[in-house]
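The values are calculated or read from the model by the stated rules, or taken from the named source; none is laboratory data. Here the structure is a predicted model, which is why all the values come from computation and not from measurement. Because the Cβ atoms are built from the backbone with ideal geometry, glycine has one as well, and the counts that use them run over all protein chains shown.
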Amino acid sequence: MKHAINTLLVLIALFLCLQPARADHLSDNLKRARAENKEVVMYFYSQYCPYCDAMDQNVLGDAGVSAALKKEFIYIRVDVDKVPGHGRKYQIRGYPTTVLTESSGRVIVKIPGYIPKKDFWKVLTYLKGKHYKTMGLSDFLQSE
């Protein structure tokens, strides 16, 4: 009986880890970025992270920021508690982390930690204006 329960638990764990709907969310959006020729903003967060909650409320929850993300970019939220493999794929070390990529999927920069709203707007300007082709993010932020 104990062996049967252990086997069942292993099978359930494998089933949950291999759900294609969750795994395809990221790849489908990256394909969409290529098709629409839009840069990507990936936001890696954990449900247990107070800084992630603050970023959601103070920055990403802002109507202007939210509208810009939907209109100008491909915005992908990655809950690392539900899909831990994506965090490993992008070598995310802490939460929140914002990853900017070109439409091709090439990573431009990873920004760990909470980003205040005024700085987040600068990050979006950097990405939308394709300033990453001529300078790094830190140089761009210092020039603003």
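A few remarks follow.
- Where HIS86 falls short, out of the listed (1) closer than 16 Å to ILE111 by Cβ; (2) in contact (Cβ under 8 Å) with a residue 24 or more places away in the chain: (1)
- Filter result for ILE108 (in contact with a Ser or Thr (Cβ under 7 Å, 6 or more places away or on another chain) and among the β-branched types (Val, Ile, Thr)): yes
- Against the test of being within 14 Å of the chain's Cα centre (by Cα), surrounded by fewer than 18 Cβ atoms within 10 Å (Cβ to Cβ) and touching a residue at least 24 places away in the same chain (Cβ under 8 Å), the options ARG77, ARG106 yield a single qualifying residue, ARG77.
- Filtered by the rule that a residue be under 18 Å from TYR75 (Cα atoms) and among the charged types (D, E, K, R), segment 117-144 gives LYS117, ASP119, LYS122, LYS128, LYS130.
- Subset tally (residues that are touching a helix residue (DSSP H, G or I) at 6+ places or on another chain (Cβ under 6 Å) and modelled with pLDDT of 95 or more) for segment 96-121: 7
- Test: residue in segment 77-86 that is out of contact with any helix residue (DSSP H, G or I) (no Cβ under 6 Å at 6 or more places or on another chain) and within 23 Å of GLN142 (Cβ to Cβ): no
- If the condition is being exposed (fewer than 14 other Cβ atoms within 10 Å of the Cβ) and touching a residue at least 24 places away in the same chain (Cβ under 8 Å), then segment 111-127 contributes GLY113, PRO116.
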